[in-house]
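Engineer: Below is one structure. I have some questions about it.
The values are calculated or read from the model by the stated rules, or taken from the named source; none is laboratory data. Computed from a prediction, not measured in an experiment: that's the story for all the values here. Every residue, glycine as well, gets a Cβ built from its backbone with ideal geometry; the counts of neighbours run over all protein chains shown.
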């Protein structure tokens, strides 16, 4: 029997909060200082600048045809969270335009760009962390990935380049450069918020001295390690690969152990987005 899709009230609340934070920055920093934006939000800014169309309305209108694609891609729960996020974003954009509130930044465009990226990053990070999206490019990216096999990141990047290029129809190069700064800040902040500031590395180590290395890691770094069975393609010999999850500072400690025991060890260090289960903290 297929279980009924469950929805968590906290997700709806946090997605709404995220869109409120995003919309506040969008209205008070992007719109107020003529900073462009990528994705569907960028298209709404173009429509506002050239045709005086309120982004609160165009945000919904542009996403309506994408919802049809999204139902097939995200499934019922994901699509409902996406529709909720998109509607909330439009409502808050409409609301903040009508609240007489301004932040005095002394016409400093750098501060405007930094604040635009911070607010968008915090808001977007909350939306993503609790299973939502604000539609737009996320739906297109997932669709292209399924149909054409192109990575979603590449599609989103190409869409942003296209929309930012079109944005030159109403902003100059100077404002575009500040937009690039805002986009960079957004990408950094959204990653921190989405992952909860979680910074962990996974290390794969191949060495003939694997037993000594593993014992040193457990004794000196106070981390457990796991042996993965592998086979060399060229040699055909069985090998033991050490896999260990570390904090960034512990990566340096393990590197010191490797340089002492086996400087020629093959090492691969990977980003770990999350570790689930007992026995690990990032301290």
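Engineer: Looking at this structure, is residue 166 part of a helix (DSSP H, G or I), in the same structural domain as residue 32 (by TED's automatic domain parsing) and under 25 Å from residue 71 (Cα atoms)? Break it down into steps so the answer makes sense when it comes.
Structural biologist: Values: part of a helix (DSSP H, G or I): yes; in the same structural domain as residue 32 (by TED's automatic domain parsing): yes; under 25 Å from residue 71 (Cα atoms): no.
Criteria not met by residue 166.
Conditions (1) within 25 Å of residue 166 (Cα to Cα); (2) part of a helix (DSSP H, G or I), marked per residue:
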residue: 12; (1), (2): no, yes
residue: 17; (1), (2): no, yes
residue: 37; (1), (2): yes, no
residue: 43; (1), (2): yes, yes
residue: 57; (1), (2): yes, yes
residue: 71; (1), (2): no, yes
residue: 79; (1), (2): no, yes
residue: 93; (1), (2): yes, yes
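Engineer: Looking at this structure, is residue 87 surrounded by fewer than 17 Cβ atoms within 10 Å (Cβ to Cβ), part of a helix (DSSP H, G or I) and modelled with pLDDT of 85 or more? Talk me through it step by step, then tell me what you get.
Structural biologist: Numbers: surrounded by fewer than 17 Cβ atoms within 10 Å (Cβ to Cβ): no; part of a helix (DSSP H, G or I): yes; modelled with pLDDT of 85 or more: yes.
Spelling it out, it is not the case that residue 87 is surrounded by fewer than 17 Cβ atoms within 10 Å (Cβ to Cβ), part of a helix (DSSP H, G or I) and modelled with pLDDT of 85 or more.
Engineer: Now for a separate question. Quick test for you: out of 33, 63, pick the one residue that is assigned by TED's automatic domain parsing to the domain that holds residue 177, at pLDDT below 95, crowded, with 18+ Cβ neighbours inside 10 Å and assigned to a loop (DSSP other than H, G, I, E, B).
Structural biologist: On the way: 63 fails: assigned to a loop (DSSP other than H, G, I, E, B).
One residue alone meets the criteria, 33.
Engineer: Something else: How many residues, within the stretch 171-188, are assigned to a loop (DSSP other than H, G, I, E, B) and buried (at least 21 other Cβ atoms within 10 Å of the Cβ)?
Structural biologist: Here is the first cut: in the stretch 171-188, the ones assigned to a loop (DSSP other than H, G, I, E, B) are 171-172.
Pick out the ones that are also buried (at least 21 other Cβ atoms within 10 Å of the Cβ) and you get none.
Of the residues in the stretch 171-188, 0 are assigned to a loop (DSSP other than H, G, I, E, B) and buried (at least 21 other Cβ atoms within 10 Å of the Cβ).
Engineer: For the stretch 220-240, what are the residues that are in contact with a helix residue (DSSP H, G or I) (Cβ under 6 Å, 6 or more places away or on another chain) and assigned to a loop (DSSP other than H, G, I, E, B)? First the steps, then the outcome.
Structural biologist: Step one: of the stretch 220-240, the residues in contact with a helix residue (DSSP H, G or I) (Cβ under 6 Å, 6 or more places away or on another chain) are 221, 223, 225, 240.
If the condition is that a residue be in contact with a helix residue (DSSP H, G or I) (Cβ under 6 Å, 6 or more places away or on another chain) and assigned to a loop (DSSP other than H, G, I, E, B), then 223, 225 are the ones that fit.
Engineer: Also: Scan the stretch 67-74 and give yes if some residue there is at pLDDT below 95 and closer than 20 Å to residue 45 by Cα, otherwise no.
Structural biologist: Let us first name the residues in the stretch 67-74 that are at pLDDT below 95, namely 67-74.
Applying the additional criterion that residues be closer than 20 Å to residue 45 by Cα yields none.
No - not one qualifying residue is present in the stretch 67-74.
Engineer: Look through 247, 259 and report the one residue that is within 20 Å of residue 201 (Cα to Cα), over 29 Å from the mean Cα position of the chain (by Cα) and assigned by TED's automatic domain parsing to the domain that holds residue 206. Before you say what the answer is, go through the steps one by one.
Structural biologist: Values: 247 fails: over 29 Å from the mean Cα position of the chain (by Cα).
Just one listed residue meets the conditions, 259.
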